[in-house]
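Student: I'd like to ask some things about the structure below.
Every number in this text was worked out from the coordinates using simple rules, so none of it is lab data. Only a predicted model underlies this, so the values are computations on that prediction, with no experimental measurement involved. Don't worry about glycine lacking a Cβ; one is built from the backbone with ideal geometry, like all the others, and counts go over all protein chains shown.
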Amino acid sequence: ARSLGDKKEKTLAMIKPDAVDKMGMILDMISHKGLLVTKAKMVLLSRAEAAQFYIEHQSKPFFNGLLDYVTSGPVVAMEIMGGNAIGVWRELIGPTNPSDARSQNSQSLRAKFGTDNTRNAVHGSDSKESATRETEFFFPSAGPSRANTAQFTNCT
Ligand code: RTP
Ligand code: MG
């Protein structure tokens, strides 16, 4: 396994509602990439919460369909950590459209578990800035939820 010492990074991963039943296989694939799940929770997002999470897409034509999709059932949000975690996770999830994913690399999560351009199974932060914002969205650093959060003192 990769050492956590090299270019350690954190990112926010989300298993979208249609792939929550694939959580076990997804966790195995995260482990096999040498990444560590350092925080996790299952939550049913309200429409307002989903709109806040996806605020960068509010003027896109697919915004309402995206909100319908991500509020259709619970999601699993995870903070994952490791060397180059943002890029490693984006590579593991694959391209936005699962049919592109299947033609490029059938091993990616969207190739395996995605249905269409909207229902694409998983999310990953696309930059350090979004990783920070999205991790704070699901796992606020202040407030009572912190008491319930597993602390990996050797990693943080
Ligand atoms: P994500 O943010 O979920 O990791 O995905 P992404 O960067 O690959 O894609 P992005 O452009 O950020 O779009 C966010 C999510 O919106 C849905 N979408 N639907 N119907 C459509 O044309 C369309 N385009 C995007 C997908 O669920 C996408 O992951
Ligand atoms: Mg995105």
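Student: Can you give me the long-range amide H partners of T38? Hydrogens built in the peptide plane at 1.01 Å from N, cutoff under 5 Å, separation of 5 or more residues or another chain.
Tutor: E79, I80, M81
Student: Another one. Quick check: net charge around S130, other residues with Cβ under 12 Å of its Cβ, Lys/Arg +1 and Asp/Glu -1? If you can, show how the numbers build up before the last one.
Tutor: On the way: positive: K10, R90, K128, R133; negative: E56, D126, E129, E134, E136.
Once all neighbours under 12 Å are counted, the net charge is -1.
Student: Which entries of K10/K60; K7/K112; K16/K112 have Cα-Cα distances beyond 20 Å here? Could you put the intermediate results ahead of the total?
Tutor: On the way: K10/K60 27 Å; K7/K112 29 Å; K16/K112 14 Å.
The pairs that break the limit, which is 20 Å between Cα atoms, are K10/K60; K7/K112.
Student: For the stretch 109-126, in order, what is each residue's ³J(HN,Hα) by Karplus, 6.51 cos²θ - 1.76 cosθ + 1.60 with θ = phi - 60°, in whole Hz (x at glycine and Pro)?
Tutor: In residue order, the calculated couplings are 5, 5, 5, 6, 10, x, 10, 8, 4, 8, 8, 10, 6, 8, 10, x, 4, 9 Hz.
Student: Using only the alpha carbon atoms of the stretch 8-148, find the Kirkwood hydrodynamic radius as the inverse mean reciprocal pair distance, in angstroms to one decimal. Don't skip to the end; give the middle numbers.
Tutor: Details: mean 1/r = 0.0658 Å⁻¹.
By the Kirkwood definition, the hydrodynamic radius is 15.2 Å.
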